[in-house]
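Every number here is computed from the coordinates shown, using simple stated rules; none is lab data. Just so it is clear, the structure is predicted and the values come from calculations on it, not from any experiment. Every residue, glycine as well, gets a Cβ built from its backbone with ideal geometry; the counts of neighbours run over all protein chains shown.
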Amino acid sequence: MYAMIDTGATHTLITEKAIRSTHHSKFIRTTLQQLYQADGYTPLPHLGLVELTIQIRNIATKILAFVVKRLCTDCLLGNDYLKKYKVKIDNGTNTVSIRLNNIETSIPMEETPASFRLPVTLVNHIYIPPHTHTSVK
């Protein structure tokens with residue numbers, strides 16, 4: 001399973017498809033908490049919360065994650081996870097380090113593929129006639 005670190009995300013998220021492929025088969029609770037996408041306006045519907053166990057080398061970590069239908073990756077680690085486990089991102093060495101109970105471990109970051117594409121949804125509908133271009137704000 002792939003996880004992406006998102007320093008701009010408040011919460012950790014996992015897709016319903018990814019959660020079904022693990023032993024985390026049961027939601028621990030539903031919640032009325034509303035989530036929003038990066039623009040701060042577009043709602044991000046979720047199905048509930050699940051407690052994830054994430055193993056990074058010799059360190060087992062736990063975090064509550066919102067289960068969503070779709071993401072650009074299987075699991076998105078948000079600031080809740082990054083702060084809880086004092087995650088350090090070192091772009092100089094291309095590594096991610098995590099610390100728990102005075103034990104620290106590092107893993108290499110993967111390069112973003114050149115053909116990396118993300119699904120995009122506009123807040124407002126816009127019509128772009130054939131053979132033209134426009135800027136969308």
>> Which condition from (1) in a strand (DSSP E or B); (2) over 14 Å from the mean Cα position of the chain (by Cα); (3) surrounded by 10 or more Cβ atoms within 10 Å (Cβ to Cβ); (4) not aromatic (Phe, Trp, Tyr) is the one that THR31 breaks?
In response: (1)
> Are any residues in the stretch 38-52 surrounded by 10 or more Cβ atoms within 10 Å (Cβ to Cβ) and touching a residue at least 60 places away in the same chain (Cβ under 8 Å), and if so, which ones?
Replying inline: THR42
> From the list HIS23, HIS11, which residue is part of a loop (DSSP other than H, G, I, E, B) and surrounded by 19 or more Cβ atoms within 10 Å (Cβ to Cβ)?
Replying inline: HIS11
>> Return the residues of the stretch 45-76 that are of a type in the set (Gly, Ala, Ser) and closer than 18 Å to ASP6 by Cβ; say none if nothing qualifies.
In response: ALA65
>> Condition check: without any contact (Cβ under 8 Å) to a residue 24 or more places away in the chain and not acidic (Asp, Glu). Does LYS69 satisfy that?
In response: no
